[in-house]
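The values are calculated or read from the model by the stated rules, or taken from the named source; none is laboratory data. Remember, predicted model here, so these are calculated numbers, not experimental data. Positions of Cβ are generated from backbone atoms using ideal geometry, with glycine treated the same way; all protein chains shown enter the neighbour counts.
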Amino acid sequence: MESNILEEYYRKAEMKNIKLDNNIAEEIIKKLEEIGLFKEFFGDPLDVLLYNYFILKAEGKSNVLDEIFSKYHIRYTSSIHNAIYDLLLGMENRSVLWPFVINFEKDNSLYKLNTEFGTISVYKASELFKNSKSSYIFKKKLRFHCYDRTFDFLKENRDYRAVLSYANNMFVGGHFHAYLEKDDVTLDIASNALYKTKGEKDKVLKGEIIKKLTYDEVIDSINKVSEEVPGLTDNSAKLGVLSLYYAKKKGIK
């Protein structure tokens with residue numbers, strides 16, 4: 001299996017689901033245009049749709065889209081996960097505009113999101129680890145860097161395991177994601193979020209688990225995969241490679 005085969009697999013898997021999500025977004029946008037509520041905005045259809053939702057929610061008119069969303073089976077966990085990204089990475093005003101999110105309360109490092117499905121308690125991870133040896137990791141880019149930051153943290157905190165997953169998209173399919181766990185604690189480092197119980201984590205992080213690996217297992221696995229996948233280097237995103245490799249083994253497309 002050549003390295004370009006893995007890359008092609010990733011591209012096809014991700015782009016296929018993005019296209020399907022965008023197709024649904026286009027259908028909903030047409031409905032908004034028909035009832036005269038559409039606000040012009042440039043970007044991918046899903047981004048345009050969410051922009052329109054934010055505007056309508058700010059105007060107190062989001063119930064129109066809420067009804068449409070329910071017919072298309074929008075996944076509430078994906079929406080709330082995105083709200084947590086915004087909330088804990090510095091976009092507090094936008095976090096309460098995502099579908100299903102009502103508002104939030106803050107108590108030091110603890111944030112409580114009030115959603116249509118109940119309250120979700122999540123901690124700002126950078127605050128909890130600010131006096132630890134890993135504090136510098138949270139000063140790096142977090143969003144869209146789940147593999148690199150998860151590996152950085154795992155390397156220094158070997159009592160954790162990396163969780164490679166296939167998380168839900170807003171409407172269709174999923175995307176590859178990585179986070180960490182230790183007993184009942186879950187650290188979703190890309191969103192700067194820490195959940196202290198599995199119950200809280202399960203309200204947000206849905207999808208299929210591809211593999212759970214300790215640091216030593218990551219190193220052993222990447223060495224084995226390197227024998228099958230020519231062209232991997234020390235700079236290759238180890239968890240990204242393993243996520244794609246094991247996903248392909250499991251038949252995730």
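Of the conditions (1) under 30 Å from residue 187 (Cα atoms); (2) of a type in the set (A, V, I, L, M); (3) in a helix (DSSP H, G or I), residue 102 satisfies every one except a single condition; which number is it?
(3)
Just to check your reading of the model, which residue among 87, 113, 56 is under 25 Å from residue 176 (Cα atoms), in contact with a helix residue (DSSP H, G or I) (Cβ under 8 Å, 6 or more places away or on another chain) and outside any strand (DSSP E or B)?
87
Kindly provide the set of residues from the range 116-142 that are in contact with a Ser or Thr (Cβ under 8 Å, 6 or more places away or on another chain), in a loop (DSSP other than H, G, I, E, B) and over 20 Å from residue 200 (Cα atoms), ordered by number.
Across the range 116-142, the qualifying residue is only 142.
Return a yes/no flag: does the range 149-156 have any residue that is under 30 Å from residue 47 (Cα atoms), touching a helix residue (DSSP H, G or I) at 6+ places or on another chain (Cβ under 9 Å) and in a strand (DSSP E or B).
no
Which residue pairs have Cβ atoms closer than 7 Å, lie 6 or more positions apart in sequence or on different chains, and pair a first residue in the range 197-221 that is more than 29 Å from residue 115 (Cα to Cα) with a second residue that is modelled with pLDDT of 95 or more and in a loop (DSSP other than H, G, I, E, B)?
214/158; 215/158
Suppose the filter is surrounded by fewer than 20 Cβ atoms within 10 Å (Cβ to Cβ), under 13 Å from residue 170 (Cβ atoms) and under 16 Å from the mean Cα position of the chain (by Cα); does residue 23 pass it?
no
Just one of the numbered conditions (1) surrounded by 17 or more Cβ atoms within 10 Å (Cβ to Cβ); (2) of a type in the set (A, V, I, L, M, F, W, C); (3) out of contact with any strand residue (DSSP E or B) (no Cβ under 6 Å at 6 or more places or on another chain); (4) at positive phi is not true of residue 144; which one?
For residue 144, the exception is condition (1).
Name the single residue that is nearest to residue 175 (Cα to Cα) among those in the range 54-87 being of a type in the set (Lys, Arg) and surrounded by fewer than 18 Cβ atoms within 10 Å (Cβ to Cβ).
So, considering only residues that are of a type in the set (Lys, Arg) and surrounded by fewer than 18 Cβ atoms within 10 Å (Cβ to Cβ), the one nearest to residue 175 (Cα to Cα) is 71.
When the residues of the range 28-53 are filtered to those that are exposed (fewer than 14 other Cβ atoms within 10 Å of the Cβ) and not in a loop (DSSP other than H, G, I, E, B), which remaining residue is modelled with the highest pLDDT?
30
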